[in-house]
Amino acid sequence: MTKKNSLQKTRYGLVQGKAYREYAKDALWKLKAQKKSIKPIGCAVTMTARYYMPNRKGWPDLFGLVQATADILESAGIIEDDGYIAQIDGSMIAGIDAEDPRVEITVSEITDLEFPLYELHPKLKKKLAEGNLKRLTKTRKKQHEAE
């Protein structure tokens, strides 16, 4: 379900449609149940989302699906800011599964502090300048030591 394609006009303006609101509510519940007590990811990330649709009815566009997924990940507290998603490599509409429609999401931290988003995104640039991403430097050093 995408946000853009489910807008409803009300006397108060445009709001997300009932179908999207129900989808987001269900997704938030499932994500929060899996999340446990971890803090939101506060650095650049790569996200892969594989969508399995219930049928061919109302076929969505991939970009709308990815945008809705990013917003839901932020609302669920998985990531601090959906603007931290720097790559969506491998995301696709992977098939139709009438019995188990779903999205399989993988989110991974980008530990390379030379990655362009760390200089381009204002919040990440500030975190980098203030030394709030030192944990990633340690992770990066551990990865290089292991290699």
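The values are calculated or read from the model by the stated rules, or taken from the named source; none is laboratory data. This one's a predicted model, so the numbers in the text were calculated from it and none came from an experiment. Counting neighbours? That spans all protein chains shown, and the Cβs are built from the backbone with ideal geometry, glycine included.
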Next item on the list: Check whether at least one residue in the stretch 105-118 is at pLDDT 90 or above, under 17 Å from ASP26 (Cβ atoms), surrounded by 15 or more Cβ atoms within 10 Å (Cβ to Cβ) and of a type in the set (Phe, Trp, Tyr), and report yes or no.
Entry: no
Checklist line | Residues (surrounded by 16 or more Cβ atoms within 10 Å (Cβ to Cβ) and over 19 Å from GLY42 (Cα atoms)) located in the stretch 69-94 | finding: SER91, ILE93
Check: Hey, among ASP61, ASP71, ASP81, which residue is modelled with pLDDT of 95 or more and closer than 21 Å to ARG21 by Cα?
Finding: ASP81
